[in-house]
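FYI, it's all coordinate maths here, none of it is from the lab. Bear in mind that the values here come from a model prediction, so they are computed numbers and not experimental data. No Cβ is skipped: glycine too gets one built from the backbone with ideal geometry, and neighbour counts run over all protein chains shown.
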Amino acid sequence: MKYQSPAIGNEISCVMHQIKNRVLKNNKKLEGILISGLKKDNFNILGKISHEFNPHGYTITILLSESHAAFHTYPEYNSLFFYLYSCRGSDDGRKTYEFVKKKLKPFYEDFNERAIIVNNKFKSLNI
């Protein structure tokens with residue numbers, strides 16, 4: 001039997017503001033929070049890559065069998081950008097987002113979520 005992903009994925013992006021600076025500068029802790037959140041949501045982690053910027057800032061991207069997730073910090077603004085895309089279906093990734101939010105305790109956030117619909121009307125063209 002051949003596996004076929006659902007035609008609808010879910011994208012969550014969020015800027016979390018007014019996070020404590022000591023948290024934003026602890027890259028190992030941030031990595032642990034993201035990975036723990038993904039595991040609680042039963043994502044399959046395939047790999048990770050991260051980079052520490054000079055004088056400050058940190059980016060980590062986690063490759064998932066279901067797609068990908070990332071953090072990017074802005075310590076100079078006490079903010080963090082969170083991104084997650086999942087191809088498992090609509091509303092997916094909410095457990096990860098809620099876990100991350102609970103651990104980082106932002107004062108406020110700019111949250112966006114949307115369904116991503118993969119249009120297969122051209123499937124028969126074999127392009």
Qualifying chymotrypsin sites (Phe, Trp or Tyr not before Pro) for segment 75-117 [loop in DSSP, other Cβ within 10 Å: at most 15]: PHE107
Sequence-distant lysines (8 or more away, or on other chains) whose Cα lies within less than 20 Å of LYS28: LYS20, LYS39, LYS40, LYS48, LYS101, LYS102, LYS103, LYS105
Cβ-based charge dipole, the chain, positive-most Cα from ASN42, ALA70, TYR85: ASN42
Cα-based helix-to-principal-axis angle, 94-104 vs the chain, degrees rounded to 10: 10
Candidates GLY47, GLY89, GLY57, ranked by Gaussian network fluctuation over the chain, Cα under 10 Å, top entry: GLY47
Rh (Kirkwood; distinct C-alpha pairs) - the chain, Å: 15.4
Crossing angle, helix 27-40 versus the chain [Cα axis fit, 0-90 degrees, rounded to tens]: 40
Segment HIS68-TYR108, length gained on full extension (0.36 nm per residue, minus Cα span): 12.0 nm
Considering only the chain, percent of DSSP beta bridges that pair antiparallel, nearest 5: 100
